[in-house]
Amino acid sequence: MDMGVQGLNMGDTIAPAETLRLAELVEQLGYRSWWTSEHVVLPSPRVDPSPSEPDTPLLDPLVSLGFVAAATTRLELGTGIVILPQRNPVVLAKQVASLDVLSNGRFTLGVGAGYLPQEFAAVGVPFAGRGQRTDEYIDAMRALWHSPEPAFEGKHVSFSGIDAHPRPSNVRIAVGGASDGALRRALTRGNAWIGIGTPEETAANLKRIRRLSAVTERPDELGALAINIVATAPLDASVVRQYEDLGVDQLIVFPAATDMPLDEALAKLIALR
């Protein structure tokens, strides 16, 4: 089982020199991937289920990853996640293709449907229907990336008679979320699923994925669904083994959430594999 890190595009780690230092350290330590979080805005004052205080510094995930791409050569890069229905899919497809080219194919676009109504209101996108919008946007972006003559006709996005280059070489899509809709989206449109939880919660969600997969057609071109889990349980070697025994392909950790100095946390967590 591989390991990745998340959450280093927020809080006290966003300064340019610190980002570069940490990116080089994470790559040297043997982590597989670096994932960035997203919220364009946060409710102020904070209300549930907002994950952070409204004054938490949070870099744009794609801008941050472009910076990290230039400082690394092997580290895989991913958004964990972009709130897809809040983005213009034609513009985002260009940004993703650009990042894929500049990282030499190391980028994974992690997407989710979002859950903060205040954030949707601020960017002028309806909160209702965000699941359907997410599905359409994935399909529209893939048309721009892969179709010889890109065209798409949907409720929320339509285009034809256009083209966009450069084309990406290796963009993978990872779908986040644990609702039935999100799990079906992962099965029908994702190369990977990003879950969040303890080993027990992960086991229950994987059981749901297996149940849904029995009645959901998965396109052959997507291959096997990779399982990425953002760990929420306190980690030691036995807990890491529990995730591995469940068939998790990649365990994603928040090193800044530990009570250790960040460099020490990064070294200790990767040693648990």
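The values are calculated or read from the model by the stated rules, or taken from the named source; none is laboratory data. Fair warning: this is a prediction, and the values are worked out from it, not measured in the lab. Counting neighbours? That spans all protein chains shown, and the Cβs are built from the backbone with ideal geometry, glycine included. Remember, those area values only see protein heavy atoms, side chains included, never the ligands or the DNA or RNA. Shrake-Rupley method; radii C 1.70, N 1.55, O 1.52, S 1.80 Å.
Looking only at Val47, Val111, Val171, which one moves most when the chain is put into a Gaussian network model with springs between Cα atoms under 10 Å?
Between Val47, Val111, Val171, it is Val47 that shows the largest mean-square fluctuation.
Output the peptides 81-92, 179-190 sorted from most to least packed, where packing is the average of other Cβ atoms within 10 Å over each peptide's residues. Don't jump to the answer; show the numbers that get you there.
Numbers: 81-92: 21.2, 179-190: 19.7.
Going by the mean number of other Cβ atoms within 10 Å, highest first, we get 81-92, 179-190.
If you take every DSSP beta bridge whose two residues both sit in region 123-273, what share of them, in percent to the nearest 5, is antiparallel? Working shown, then result.
On the way: 2 of 14 bridges.
If we restrict to bridges inside region 123-273, about 15 percent are antiparallel.
Hey, what does the equivalent ellipsoid look like for region 47-120, semi-axes from the Cα gyration tensor as sqrt of 5 times each eigenvalue, largest first, whole Å? Each step should come with its number before you reach the end.
Details: eigenvalues 123, 45, 18 Å².
In descending order, the three semi-axes are 25, 15, 10 Å.
Less than 23 Å apart at the alpha-carbon level, and either on another chain or at least 8 residues along: which lysines does that give for Lys155?
Partners within reach: Lys94.
How would you classify region 191-254 from its alpha-carbon gyration tensor, with a ≥ b ≥ c the square roots of the eigenvalues: rounded for a/c under 1.5, else prolate if a/b is greater than b/c, otherwise oblate? Could you put the intermediate results ahead of the total?
Working: a/c = 2.57, a/b = 1.90, b/c = 1.35.
Prolate, because a/c is 1.5 or more and a/b exceeds b/c.
What is the magnitude of the charge dipole of the chain about its Cα centre, with +1 placed on the Cβ of each Lys and Arg, -1 on the Cβ of each Asp and Glu, and no other charges, expressed in debye to the nearest 20?
640
Please report the equivalent ellipsoid semi-axes of region 94-146, computed as sqrt(5 x eigenvalue) of the Cα gyration tensor, largest first, in whole Å.
Values for region 94-146, descending: 25, 13, 9 Å.
Leaving out ligands and nucleic acids, and using a 1.4 Å probe, what accessible area per residue does the chain come to in Å²?
Computed with neighbouring chains in place, this is 46 Å² per residue.
Under the rule of -39500 (n - 2.57) per DSSP H run of 4 or more residues, summed and divided by the residues of the chain, what mean residue ellipticity at 222 nm is obtained, to the nearest 500 deg cm²/dmol? The partial results should precede the final answer.
On the way: 9 runs with 106 residues, N = 273.
The helix-only estimate for the chain comes to -12000 deg cm²/dmol at 222 nm.
From the square roots a ≥ b ≥ c of the eigenvalues of the alpha-carbon gyration tensor of the chain, which class results: rounded (a/c under 1.5), prolate (a/b over b/c), or oblate?
On the way: a/c = 1.40, a/b = 1.28, b/c = 1.10.
Because its axes are fairly even, with a/c under 1.5, the chain counts as rounded.
What are the residues whose amide H is under 5 Å from the amide H of Val230, where those residues sit 5 or more places off or on another chain and H is modelled from the backbone?
Under 5 Å from the amide H of Val230: Gly195, Ile196, Gly197, Ile252.
Could you order the peptides 94-101, 257-264, 149-156 from most to least packed, using the average number of other C-beta atoms within 10 Å per residue?
94-101, 149-156, 257-264
Of the heavy-atom accessible surface of region 136-178 (probe 1.4 angstrom), what whole percent is carbon and sulfur?
Accessible surface attributable to carbon and sulfur in region 136-178 totals 51 percent.
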